[in-house]
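First up is the structure itself, then whatever we jot down about it.
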Amino acid sequence: MKRVCVLPGDGIGPEVVSSAVKVLEAASDELEFVHADIGRTAYERHGSYLPGDTLKTMRECDSCLFGAVTTVESADYSSPVLTFRKELDLYANVRPVRNLVKISGRSPIDVVIVRENTEGMYTQNEVFDDIGVTTMRRVSRKASERIVGFAMRYARANGRRRITCVHKSNVLKASDGLFASTFRELMASGGIGLEADEQLVDSCALKLVTEPSAFDMIVTLNLYGDILSDVAAGVAGGLGFAPSGNIGDKHSVFEPAHGSAPDIAGRGVANPTAAILAGSMMLRHLGLSEDAGRIEGAVMQFYSSGHLTADLGGRHGSDSFTEHVLRNLRPGAQH
Ligand code: IPM
Ligand code: MG
């Protein structure tokens, strides 16, 4: 059995996560679930956005499924997402983006974005002086090697052939230059069978929109990966489809890439697709690929039969969508 720590969080987090847990329970009998508080809900109950007990449970479980948290405008707030990434050393952020629904006038996209998840612009070291604020941005050889190595292993394990390293070394010569040269070195020495490519981040953003098929896999620095994964998700039809995995050597946390969307919380219209696909990514990570494949099949079947969720102008809210996916999971339902 694998133990999964479930962190519903705020806004639509609890809605999409409860749908994902139902689907995971139906697809696999290898899982047991433990619930833990995070975000505003945790603050109200325990006085902390990421209580020590929650982190402890996250560490003890085989993996975690997280919903979303609402950012609080307050000086003492720091995102629990950034804290658990740091605390659990989740150095790789993996975001596979592809179309589930054909959108007329848009080119198909099928790209995996691997983002360095521990440093770069997220070092969060900002120094005030008389003139303004200086933000420190660390790019280390160790973290660059780790993320490029991860991307290469991921490409091999998942049948990806070309890795594009995305950076801005024409301006950030030393830091992004180090990231790019680390990529070149590792691909030259260990990248047999993989194609290495490079792109500046601005032209990558453009090309993701105009010619998304140019990309198979992207490996990039933290902030670029944050932005480019939203661009790619937009091309694929919106954040409602995009799952995300935060992966380290010991721990992992899977989440929908979207936020807590408080404006639609409690209305039953949130699209649980990204949370469910985050669950199937988690199963693959735990070695339960067959169960993961069945979940992906059941979700695809919903969309390929012409159904649409409310966020895409269709009539299926969260419950109706989940019912369809559960029905598609029953033996004999998939063809
Ligand atoms: C994401 C989010 C986070 C990030 C926020 C919530 C800190 O945008 O996971 O993409 O910037 O990494
Ligand atoms: Mg983001």
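Step by step: first the residues of the stretch 80-95, then only those that are more than 12 Å from ligand 2 (Cβ to nearest atom) and not in a helix (DSSP H, G or I), then the one that is surrounded by the fewest Cβ atoms within 10 Å (Cβ to Cβ). Which residue is that? Among residues in the stretch 80-95 that are more than 12 Å from ligand 2 (Cβ to nearest atom) and not in a helix (DSSP H, G or I), the one surrounded by the fewest Cβ atoms within 10 Å (Cβ to Cβ) is 89.
Within the set of pairs 6 or more residues apart or between chains, which connect a residue that is under 12 Å from residue 16 (Cβ atoms) inside the stretch 245-268 to a residue that is away from ligand 1 (no atom under 14 Å from the Cβ) and not aliphatic (A, V, I, L, M) with Cβ atoms less than 6 Å apart? Close Cβ pairs (under 6 Å, with a partner that is away from ligand 1 (no atom under 14 Å from the Cβ) and not aliphatic (A, V, I, L, M)) amount to 268/317; 268/318. Only one entry of 226, 176 meets the criterion of being open to solvent by less than 80 Å² (accessible area, probe 1.4 Å), within 16 Å of ligand 1 (Cβ to nearest atom) and either among the hydroxyl-bearing types (Ser, Thr, Tyr) or in a helix (DSSP H, G or I) (or both), and that entry is 226.
Could you check the stretch 6-32 and list, in sequence order, the residues that are touching an Asp or Glu at 6+ places or on another chain (Cβ under 6 Å) and not polar (S, T, N, Q)? Show your work before the answer.
Within the stretch 6-32, the first condition is being touching an Asp or Glu at 6+ places or on another chain (Cβ under 6 Å), and the residues that meet it are 27-28.
Residue satisfying the conditions is 27 alone.
Go through the stretch 288-300 residue by residue and tally those that are open to solvent by 10 Å² or more (accessible area, probe 1.4 Å) and either more than 22 Å from the chain's Cα centre (by Cα) or closer than 24 Å to residue 11 by Cβ (or both). If you could, list the steps in order and put the result at the bottom.
Restricting attention to the stretch 288-300, the residues satisfying the condition of being open to solvent by 10 Å² or more (accessible area, probe 1.4 Å) are 288-291, 293-294, 296-297, 300.
Of the ones still in play, those that are also either more than 22 Å from the chain's Cα centre (by Cα) or closer than 24 Å to residue 11 by Cβ (or both) are none.
The qualifying residues number 0.
Considered as a group, the residues in the stretch 262-277 that are more than 11 Å from residue 322 (Cα to Cα) and of a type outside the set (Gly, Ala, Ser) include one that is surrounded by the most Cβ atoms within 10 Å (Cβ to Cβ), and that residue is 277. For residue 213, the requirement of being free of Cβ contacts under 8 Å to residues at least 24 places away in the same chain, closer than 26 Å to residue 186 by Cβ and not in a loop (DSSP other than H, G, I, E, B) is not met.
Could you list all residues from the stretch 1-43 that are charged (D, E, K, R) and open to solvent by less than 40 Å² (accessible area, probe 1.4 Å)?
Kept after step one, since they are charged (D, E, K, R), are these residues of the stretch 1-43: 2-3, 10, 15, 22, 25, 29-30, 32, 37, 40.
Within the stretch 1-43, 10, 37 meet the criteria.
Being away from ligand 2 (no atom under 16 Å from the Cβ), touching a strand residue (DSSP E or B) at 6+ places or on another chain (Cβ under 8 Å) and open to solvent by 50 Å² or more (accessible area, probe 1.4 Å) narrows it down to one residue among 285, 307; which is it? Spell out how you get there, then give the answer.
Details: 307 fails: open to solvent by 50 Å² or more (accessible area, probe 1.4 Å).
Result: 285 is the single residue among 285, 307 that is away from ligand 2 (no atom under 16 Å from the Cβ), touching a strand residue (DSSP E or B) at 6+ places or on another chain (Cβ under 8 Å) and open to solvent by 50 Å² or more (accessible area, probe 1.4 Å).
The values are calculated or read from the model by the stated rules, or taken from the named source; none is laboratory data. Quantities reported herein were computed from a predicted structural model and do not represent experimental measurements. Cβ atoms come from the backbone with ideal geometry, glycine included; neighbour counts cover every protein chain shown. Surface accessibility is based on the protein's heavy atoms, side chains included, excluding ligands, DNA and RNA. Shrake-Rupley method; radii C 1.70, N 1.55, O 1.52, S 1.80 Å.
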